[in-house]
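Below is one structure, written out as structure tokens; the observations come after it.
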């Protein structure tokens, strides 16, 4: 059976791409894999806690060096786990919302959901589409360069995908 991979985020472009991919999957009787990739730890891939550092100086005396403060590693790891869990739950909620918006548009379509943590969306989509028949993305996601015709993710997948790619644009009104 054929498989269509569609990348989504919270943007209007992703909603259009999902609707287009769902209809194409229904027509082709293909599996629709909906992929949402995100960085739970931010773009740098790590957390920063201001309390991780202290200045070892007496009052009124400037410090010559900054030293790491001793931390309760268990508490810090629990905080990170809570952040990771909250991010994953938010991603699941987003997929629920996007798929719910399609309603009957998914009738007869075998939908697979994929939430991919801590990967650049383009990298995650390229990996997910290695054995797909088609990869679908919106022209622009949530990036800040609104005048660009393609966003960074759509540009990357067009350049590097091993399957056919459809970039769904938004209609101008």
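Values as computed for the structure displayed
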| quantity | calculated |
| --- | --- |
| Every residue from the stretch 79-128 that is touching a residue at least 40 places away in the same chain (Cβ under 8 Å) and more than 15 Å from the chain's Cα centre (by Cα) | 83, 99, 101, 102, 105, 106, 107, 108, 109, 110, 111, 112 |
| Scope the stretch 17-36; condition in a strand (DSSP E or B) and surrounded by fewer than 19 Cβ atoms within 10 Å (Cβ to Cβ); matching residues | 31 |
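Each reported figure results from applying straightforward, stated rules to the coordinates on display, with no laboratory input. In this text the structure is predicted, and so the values were computed from the model without any measurement. Neighbour counts run over all protein chains shown; Cβ positions are idealised from the backbone, glycine included.
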